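This report concerns only the one structure given below.
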Amino acid sequence: MPNPPSVDPHPTGDDLQPVAGGGLLHRRVFMRRGVVLVSALAAEPAPAPAAAAGPSADLAADEAAMPPSAQEPGGAFSEYGLPSVHEQRVIRRIGINYRQVSGNGAAWTPIDRLEGSLTPNGLHFVRNHSGVPEIDPAHHRLLVHGRVRQPLTFGIDTLLRYPMRSQQLFLECAGNSSAGWFEEPVERPVNLVHGLVSCSEWTGVPLAVLLDEAGIEPGANWVVATGADAGAMHISLPLDKALDDCLVALYQNGERLRPDNGYPVRLIVPGWKAVLSVKWLRSLQLGDQPAMARNETARYTELLPSGQARQFAFVMEAKSVITSPSHGQSLQGPNLYEIRGLAWSGRGRIRRVEVSADGGATWAVAALQEPVLPRCLTRFRAAWRWDGRPCVLQSRATDETGHVQPTRGALVAARGRQGFYHYNAIVSWEVDAHGYVSHVYA
């Protein structure tokens, strides 16, 4: 079936009148003055009640009084700035995959508690197979070998002297959102299902520079990247991609890489699944075929309904998720609410995000928050007048290549349920009559 049409992007009339089912309003609402949108509330302990207000004159005097923070000197300087003590809930959530293997697990980015396009380094998602290695950069070496005219070894100090390039890019684990393959919807907060995605400004040496310096021999079609961790991570990358836009990254968001994100050096493969962006990079071997390593045979290869195997699926397709309202949050009665979320695509810029409040029957175009950059996280917003009746919220992303985020039914029909990776179907949140939000399949 064709996708339901979205609303006319240039309607006439009052912007506060619904333009799609369920009470969705036009995105021009965000340009109007005096319109206040309410956010869904997370399920957290309620704050202590405020003291009862006195007469209006006393209240005005209290508001004009000098705050305690202005009455005495503040704290001392710190050598490295830390978040406010009042932001202690903004943390990654840790999950352990195999307790018999030390450090095998993940840390999810709190995508529902952040704003903007970039993820702070300390909140970037992590997926490790054998812990975080302690590596002395003075002794670490990157070897380029295989089908090259002359094998080369680069120390970190040497790499730091090369001309560098910076690029803002998202990284997404291919297993992000994998709970969507389950038969029944998983009831977890949005960050614990969809939080294996983050976006940073990566700075480093273009991989093509190092490969050209080593001299690529005829017949070389693949690069096998290997990390220095105990998990012996190694995986194959087509040479064409390596020469196109890959980085040997040394910096993240302006500072040196942190240990759990690959210090002292890692590979960045723009727009492709994050397992290819090998951390703690120590070797790049050129050859005429892929390594057929564990992470491209026993893992990241999926059986399709046709019986064929889907292997070497690289690109992370167009995807979006509403972060507010989302599972575990609640609406405090009928009101004018703001729907917020994230969209991204490994193929380029997000061209459009549509939001539905009636389970996909009708759609309204959301406002995209600038900047909208290729292969970066893009924030979207939609104004919604909830009337207190049960409904289902969805978002649908379209990228600049025309790829449209599929429904769950379409994705399962095409891929079956024997796999685990590259889940990018539309996510559905049900709001019940009490305002509580839960995950459903629709």
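The values are calculated or read from the model by the stated rules, or taken from the named source; none is laboratory data. Everything numeric in this text was worked out from a predicted model, so none of it was measured. Using ideal geometry, Cβ is built from the backbone for each residue, glycine included, and neighbour counts are taken over all protein chains shown. Only protein heavy atoms, including side chains, enter the accessible area calculation; ligands, DNA and RNA are left aside. Shrake-Rupley method; radii C 1.70, N 1.55, O 1.52, S 1.80 Å.
Taking K and R as +1 and D and E as -1, what net charge do the other residues with C-beta under 15 Å from the C-beta of S130 add up to? Numbers along the way, then the final one.
Values: positive: R99, R127, K279, R282, R294, R299; negative: E134, D229, D260.
Result for the neighbourhood of S130: +3.
Probe radius 1.4 Å, ligands and nucleic acids left out: which of M316, M292, M66, M164 has the largest accessible area, and how do the rest follow?
M66, M292, M164, M316
What net charge is computed for the residues neighbouring I322, neighbours being all others with C-beta under 10 Å from the C-beta of I322, Lys and Arg scored +1, Asp and Glu -1?
Counting the neighbours of I322, the net charge comes to 0.
When you count, for each residue, the other Cβ atoms within 10 Å and take the mean per peptide, how do 82-89, 280-287, 245-252 rank with the highest first?
Details: 82-89: 8.4, 280-287: 21.2, 245-252: 22.8.
Most protected by this proxy first, the peptides run 245-252, 280-287, 82-89.
Could you look at the chain and say what percent of its accessible area is carbon and sulfur, using a 1.4 Å probe and all protein chains?
With neighbouring chains kept in place, the figure for the chain is 53 percent.
Can you tell me the accessible area per residue over the chain, all protein chains present, probe 1.4 angstrom, in square angstrom?
Details: 21120 Å² over 442 residues.
That works out to 48 Å² for each residue.
In terms of solvent-accessible area of protein heavy atoms at a 1.4 angstrom probe, what is the ranking of E79, E370, E400, highest value first?
Working: E79 195, E370 135, E400 90 Å².
Result, largest first: E79, E370, E400.
Calculate log10 I(q)/I(0) of the chain for q = 0.08 Å⁻¹, where I(q) comes from the Debye formula with a single equal point scatterer on each Cα and nothing for solvent.
-0.53
Please work out how much accessible surface F380 shows to a 1.4 Å probe, ignoring ligands, DNA and RNA, in Å² rounded to 10.
So the heavy atoms of F380 present about 0 Å² to solvent.
Provide the net charge surrounding I216, with neighbours chosen by a C-beta distance below 15 Å and charges set as Lys +1, Arg +1, Asp -1, Glu -1.
-3
Pop the C-beta distance of R256 and E213 into the FRET formula with R0 = 25 Å and round what comes out to the nearest 0.05. Mind showing how you got there, number by number?
Values: r = 23 Å, r/R0 = 0.92.
It comes out at approximately 0.60.
How big is the C-alpha Rg of the range 75-178 next to the rule-of-thumb value 2.2 N^0.38 Å, as a ratio?
1.45
Place +1 on the Cβ of every Lys and Arg and -1 on the Cβ of every Asp and Glu in the range 80-180, take the dipole about the Cα centre, and give the residue among L171, H124, L114 whose Cα lies farthest towards its positive end.
About the Cα centre, the residue reaching furthest to the positive side is L171.
How much solvent-accessible surface does V412 expose, in Å² to the nearest 10, with a 1.4 Å probe and all protein chains in place?
Here the residue's solvent-accessible area equals roughly 30 Å².
So what does L160 come to for accessible area, using a 1.4 Å probe and Å² rounded to 10?
Around 60 Å² of this residue is reachable by solvent.
From the helices alone, meaning DSSP H stretches of at least four residues, give me the mean residue ellipticity at 222 nm for the chain, per-run term -39500 (n - 2.57), in deg cm²/dmol to the nearest 500.
For the chain, the value works out to -2000 deg cm²/dmol.
For the chain, what's the relative contact order in percent, using C-alpha pairs closer than 8 Å and at least 6 residues apart?
19
Ranked by accessible surface with a 1.4 Å probe, highest first, in what order do F420, F77, F312 come?
From most accessible down to least: F77, F420, F312.
How many angstrom lie between the Cα centre of the range 269-305 and the Cα centre of the range 190-265?
That distance is 11 Å.
Taking the simple approach of a point 7 Å from Cα along Cα-to-Cβ for both L143 and N221, what is their distance in nm?
Modelled inter-label distance: 2.5 nm.
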